[in-house]
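Engineer: Sharing a structure, written as structure tokens. Questions coming.
The values are calculated or read from the model by the stated rules, or taken from the named source; none is laboratory data. Being a predicted model, the structure only gives us computed values, none of them experimental. Please note: Cβ atoms are built from the backbone with ideal geometry, for glycine as well, and neighbour counts cover all protein chains shown. Accessible surface areas use protein heavy atoms only, side chains included; no ligands, DNA or RNA. Shrake-Rupley method; radii C 1.70, N 1.55, O 1.52, S 1.80 Å.
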Amino acid sequence: MPESLYAVLKSADGQPEATTVWPVEYQEAIDAGVAAFEQWLSEQMEPMATFLNRCKQRLPGRAIEAFELAFWHRLEQRLRSQNPLTCTTVKQHSEALALGNRATAMMRLSLENTLQLANKGELRACTEDAGQHLKNVAALASAISLPEASLFLSEGGIHD
């Protein structure tokens with residue numbers, strides 16, 4: 001069997017191996033992205049976006065893009081392992097990602113709206129637990145990073 005010309009993201013959580021668009025020379029960056037996601041998942045000492053940005057600062061040039069692709073794809077494998085539906089075509093895969101992006105954007109918008117109500121005094125925490133919940137909502141909203149708004153514009157969804 002001939003060796004692949006492209007870097008491969010290994011199978012995980014019952015999800016298949018994926019050949020990337022990156023040349024095999026980027027395999028180390030792909031593996032590092034996967035390892036970084038696994039480290040974040042096991043430790044969760046800081047928001048995911050903060051952790052990812054800190055990790056990327058240590059990488060040279062184009063390796064950053066390959067690293068980030070692997071990080072997000074590993075997250076996707078984990079999420080897909082929780083989803084009973086499997087995508088067997090590129091079209092299904094793309095549609096599932098678009099749906100996930102829109103759902104994440106709507107979740108962030110909802111969290112931000114909740115925080116705006118709290119900041120205006122229209123939503124008040126009456127207990128210590130409720131106050132902690134609002135802090136958790138704020139942390140979750142800030143941890144959700146979204147793709148470019150252009151992904152949503154064609155769908156009539158979220159706008160900047």
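Engineer: For segment 12-23, does any single residue satisfy the condition of being without any contact (Cβ under 8 Å) to a residue 60 or more places away in the chain and in a helix (DSSP H, G or I)?
Structural biologist: Taking segment 12-23 first, the residues without any contact (Cβ under 8 Å) to a residue 60 or more places away in the chain are 16-23.
Remaining after also requiring in a helix (DSSP H, G or I): none.
Within segment 12-23, not a single residue is without any contact (Cβ under 8 Å) to a residue 60 or more places away in the chain and in a helix (DSSP H, G or I).
Engineer: Also, quick follow-up: Restricting the search to segment 39-51, which residues are part of a helix (DSSP H, G or I), open to solvent by less than 60 Å² (accessible area, probe 1.4 Å) and without any contact (Cβ under 8 Å) to a residue 60 or more places away in the chain?
Structural biologist: So the first thing to find is which residues in segment 39-51 are part of a helix (DSSP H, G or I), and the list is 39-43, 48-51.
So of that shortlist, the ones also open to solvent by less than 60 Å² (accessible area, probe 1.4 Å) come out as 40-41, 48-49, 51.
Matches in segment 39-51: W40, L41, F51.
Engineer: Continuing with the same structure: Taking the conditions exactly as written (out of contact with any Ser or Thr (no Cβ under 7 Å at 6 or more places or on another chain), open to solvent by less than 60 Å² (accessible area, probe 1.4 Å) and of a type in the set (A, V, I, L, M)), does I30 satisfy them or not?
Structural biologist: Against the criterion (out of contact with any Ser or Thr (no Cβ under 7 Å at 6 or more places or on another chain), open to solvent by less than 60 Å² (accessible area, probe 1.4 Å) and of a type in the set (A, V, I, L, M)), I30 does not qualify.
Engineer: Could I ask something else about it? Of a type in the set (A, V, I, L, M) and either touching a Phe, Trp or Tyr at 6+ places or on another chain (Cβ under 7 Å) or at pLDDT 80 or above (or both) - does that describe any residue in segment 140-154? Reasoning before the result, please.
Structural biologist: Step one: list which residues in segment 140-154 are of a type in the set (A, V, I, L, M), which gives 140-141, 143-144, 146, 149, 151, 153.
So of that shortlist, the ones also either touching a Phe, Trp or Tyr at 6+ places or on another chain (Cβ under 7 Å) or at pLDDT 80 or above (or both) come out as none.
The answer is no, given that none of the residues of segment 140-154 is of a type in the set (A, V, I, L, M) and either touching a Phe, Trp or Tyr at 6+ places or on another chain (Cβ under 7 Å) or at pLDDT 80 or above (or both).
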